1. Go through region 128-140 residue by residue and turn each phi into a ³J(HN,Hα) via Karplus (6.51, -1.76, 1.60, θ = phi - 60°); whole Hz please, and just put x for glycine and proline.
2. Rank-order 33-45, 119-131 by packing density, defined as the average count of other C-beta atoms within 10 Å over each peptide's residues, highest first.
3. Between residue 45 and residue 136, what is the label-to-label distance in nm when each label sits 7 Å out along the Cα-to-Cβ direction?
4. Would you mind computing, in nm to one decimal, how far apart the modelled labels at residue 112 and residue 62 are, each placed 7 Å from Cα along Cα→Cβ?
5. Can you compute 3J(HN,Hα) from phi for each residue in region 19-31, using the Karplus curve 6.51 cos²θ - 1.76 cosθ + 1.60 with θ = phi - 60°, rounded to whole Hz and x for Gly and Pro?
6. Which of 24, 14, 66 sits closest to the plus end of the dipole of the chain, meaning its Cα is farthest towards the positive end, when Lys and Arg get +1 and Asp and Glu get -1 on the C-beta?
7. Mind giving me the FRET efficiency for residue 126 and residue 101? R0 is 35 Å, r the Cβ-Cβ distance, nearest 0.05 is fine.
8. If you take every DSSP beta bridge fully contained in the chain, what fraction is antiparallel? Give it as a percent rounded to 5.
Amino acid sequence: MDMGIAGKWALVCGASKGLGYGCAWALAREGSNVLIVARGAEALEAAAGKIRAQAPSGAQVQTVATDITTEAGRAQVLAARSDFDILVTNAGGPPPGDYREWDRESWMKALDANMLTPIELMKATIDGMVERKFGRIVNITSNSV
């Protein structure tokens with residue numbers, strides 16, 4: 001099935017494994033170019049290699065190893081590329097446990113990763129999507145949130 005996304009640029013967060021990797025792989029398989037982000041450079045490059053090996057010729061895979069939940073990390077990604085047609089935010093949540101035992105710092109870290117970071121990325125990409133008259137945003141978060 002042609003999803004109409006060949007040649008589009010996608011930003012996929014948390015893409016070195018799990019759901020993020022699966023999203024990046026599926027997008028590249030459909031002919032989208034992907035910029036994948038994760039904190040661990042080694043795992044990210046391994047994921048990029050697997051995606052490149054399976055993507056149609058011409059699909060580009062770029063990587064930025066950074067913590068997307070930080071302002072500096074987001075700036076690093078947006079300096080590499082900012083013209084995304086597809087945004088997939090993906091973040092893990094706080095560790096499992098009784099939420100009544102979480103302190104303020106734990107709550108703030110979870111909110112920052114799973115709500116504020118996606119909002120900042122949407123703010124940074126949505127105007128370009130509107131200008132190009134094409135855009136897709138998918139937010140993935142942890143079930144513990």
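1. 3J(HN,Hα) across region 128-140, in whole Hz: x, 4, 5, 4, 7, 6, 7, x, 9, 10, 10, 10, 10.
2. Values: 33-45: 20.1, 119-131: 14.7.
By packing density, highest mean first, the sequence is 33-45, 119-131.
3. 3.0
4. Output for this residue pair reads 2.6 nm.
5. 4, x, 4, x, 5, 4, 4, 5, 5, 5, 4, 7, x
6. Projecting each Cα onto the dipole axis, the largest value belongs to 24.
7. Numbers: r = 37 Å, r/R0 = 1.05.
It comes out at approximately 0.45.
8. Of those bridges, close to 0 percent are antiparallel.
The values are calculated or read from the model by the stated rules, or taken from the named source; none is laboratory data. For clarity, every value in this text was computed on a predicted model and none was experimentally measured. Here Cβ is always computed from backbone atoms with ideal geometry, including for glycine, and neighbour counts include all displayed protein chains. These area figures cover heavy atoms from the full protein model, side chains too; ligands, DNA and RNA do not enter into them. Shrake-Rupley method; radii C 1.70, N 1.55, O 1.52, S 1.80 Å.
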